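Report on one structure; see the data block that follows.
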Amino acid sequence: MSKTYKIAAIPGDGIGNEVVPAGLRVLEAAAKRHGFALKVQSFDWSCERFARTGRMMPEDGLEQLRAFDSIYLGAVGYPGVPDHVSLWGLLIPIRRGFRQYINLRPIKLLAGIETPLKNRAPGDIDFYVVRENNEGEYSEIGGRLFAGTEMEMAMQQAVFTKTGCDRVMRYAFELAKTRKKHVTSATKSNGIIHSMPFWDERFAAIGKEYPEIRIDQYHIDILTAHFVRHPDWFDVVVGSNLFGDILSDLGPAVVGSIGIAPGGNINPERELPSMFEPVHGSAPDIAGRGIANPIGQIWSGAMMLEHFGEADAAAAVERAIAEVLAEGGTRTPDLGGNAGTKDLGAAVTAAIR
C-alpha cells in the first residue's frame, strides 16, 4: 500500500491563489510517478476572510492544522489589511504554535536565469540561509506609551534564548556537514551590545562541537555587501530572525528572481506540522492576471517532499525546474518571457512525467 501524506493547502492572498494550484499539480505528478499519494484539503484563510469575519483564520485554526503532515502556503497580505494584522493573524501563529523554529531558504543560481551579477555562472552560487524563526527581534514583547501625545513612544524587546540560539545553530552545522562544511554567522555585535554578543558567544560554543566545520562571522552590513560581491564564499549562513529575513530576500535577488525562491518553516523534531512557502509575497500588482512565476511555490513543494523523506520525488521536481528554466522556452514576465503561471507550471509537470 502506498504512503499517503495529508497536506493543508492555504493559498492565502493575491498570487497565492494562482501559484498554489500550479504547485499542487506538479506535486501530484511527482507523487504518482514515485508511488505515493497526496490528500489535499484547502483552507480559505486570507485577508479576504479577515474582511468578512474579522479573523485571518478561525480561533481553532491551529487545531485544525495539527492533523496534517504539512502545510503548503501561498502568500499572506493584501492592501486594506495592515501587514502586522495579516501576518500576526495567520503566518506567525503557525510558525510559533507549531515550533517551526527553522526557516530554511536555498539560494542557487540555475542555468537559464540571468543574474544581475556579472561573470557568474550556474554552480558559482549555491548556499543556504538558515534563519531563526521563533524569537529574536520578532518578539511580541513591547508596547506603546502616551499614545496620541507629543510624548508617545514605542518599545520593542528582542529576545534571544540559549535554547533558541543553540538549536538553530546546530541545525546549520548539521546541514553544513552534508555540504561544503562551512558555516557563516550574521551578527551586529559592534552596535547591538547585549543580544548580538550573546549570539556570538553561542555561535563560538556550538562551533567547538563541530571541529570539522570551518566557521566565520560578519556584521550584517558588510555581509550584505559580500552577498553581492562574493556570493561564492558561502555554504550555510545562519542568522537571527531579522537578519535571516533580510538575507534570504537578498539572496534570491542575487541569483536573478525572488519569484523562484523557495522556503521552509521547519519543526525539525517532526512533532508538529512544518510549513512550506515561497519567499515572495502576494504581489497585488499582478494578482489575478495569471502571470505570476510559480517556481518558488513548486520548489517549496520539493522541499516539502524532501521533508517527508521522499528524496527521489523531491529531486525529480528540482530537476524538472532546472530543465525547464535551462531550456528557456517557457518564461513568465519576471524572467523576461510572456508565458503565464499555468504555462510554466504545466512545463514543469510535463518534465516530471
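The values are calculated or read from the model by the stated rules, or taken from the named source; none is laboratory data. If you're wondering where the values come from, they're calculated on a predicted model, not measured in any experiment. So basically every Cβ, Gly included, is an ideal-geometry build from the backbone, and we count neighbours across all protein chains shown. The area values use the complete protein model at the heavy-atom level, side chains included, leaving out ligands, DNA and RNA. Shrake-Rupley method; radii C 1.70, N 1.55, O 1.52, S 1.80 Å.
Things worth noting here:
- Every residue from segment 104-139 that is open to solvent by less than 30 Å² (accessible area, probe 1.4 Å), within 13 Å of Phe227 (Cα to Cα) and in a strand (DSSP E or B): Ile107, Phe127, Val129
- Residue check for Tyr171: farther than 30 Å from Val324 by Cβ, in a loop (DSSP other than H, G, I, E, B), touching a residue at least 24 places away in the same chain (Cβ under 8 Å) and among the hydroxyl-bearing types (Ser, Thr, Tyr): no
- Some residue of segment 29-50 being among the hydrophobic types (A, V, I, L, M, F, W, C), surrounded by 14 or more Cβ atoms within 10 Å (Cβ to Cβ) and within 16 Å of the chain's Cα centre (by Cα): no
- Neighbours by Cβ (under 9 Å, 6+ apart or cross-chain): first from segment 294-312, of a type in the set (D, E, K, R); second not in a helix (DSSP H, G or I): Glu306/Gly264; Glu310/Lys3; Glu310/Tyr5; Glu310/Phe36
- The residues listed here are Leu242, Leu250; of these, the one that is within 16 Å of the chain's Cα centre (by Cα), free of Cβ contacts under 8 Å to residues at least 40 places away in the same chain and over 21 Å from Ile71 (Cβ atoms) is Leu250.
- Within segment 263-277, being in contact with a Gly (Cβ under 7 Å, 6 or more places away or on another chain) and either at pLDDT below 95 or hydrophobic (A, V, I, L, M, F, W, C) (or both) holds for one residue alone: Phe276.
- Candidates Tyr78, Tyr5 - the one that is touching a helix residue (DSSP H, G or I) at 6+ places or on another chain (Cβ under 9 Å), aromatic (Phe, Trp, Tyr), in contact (Cβ under 8 Å) with a residue 24 or more places away in the chain and open to solvent by 60 Å² or more (accessible area, probe 1.4 Å): Tyr78
- Taking segment 73-103 as the range and being of a type in the set (Gly, Ala, Ser) and either closer than 20 Å to Val237 by Cα or not in a loop (DSSP other than H, G, I, E, B) (or both) as the test, the residues that pass are Gly74, Ala75, Ser86, Gly89, Gly97.
- In segment 51-75, the residue that is farthest from Pro273 (Cα to Cα) out of those that are touching a residue at least 24 places away in the same chain (Cβ under 8 Å) and open to solvent by 90 Å² or more (accessible area, probe 1.4 Å) is Arg55.
- Residues that are part of a helix (DSSP H, G or I), touching a Gly at 6+ places or on another chain (Cβ under 6 Å) and open to solvent by less than 10 Å² (accessible area, probe 1.4 Å) do occur in segment 220-242, at least one of them.
- Count of residues meeting criterion [in contact with a strand residue (DSSP E or B) (Cβ under 6 Å, 6 or more places away or on another chain) and not β-branched (Val, Ile, Thr)] in segment 246-267: 7
- The single condition among (1) in contact with a His (Cβ under 8 Å, 6 or more places away or on another chain); (2) closer than 22 Å to Gln100 by Cα; (3) open to solvent by 10 Å² or more (accessible area, probe 1.4 Å) that Ala261 does not meet is (3).
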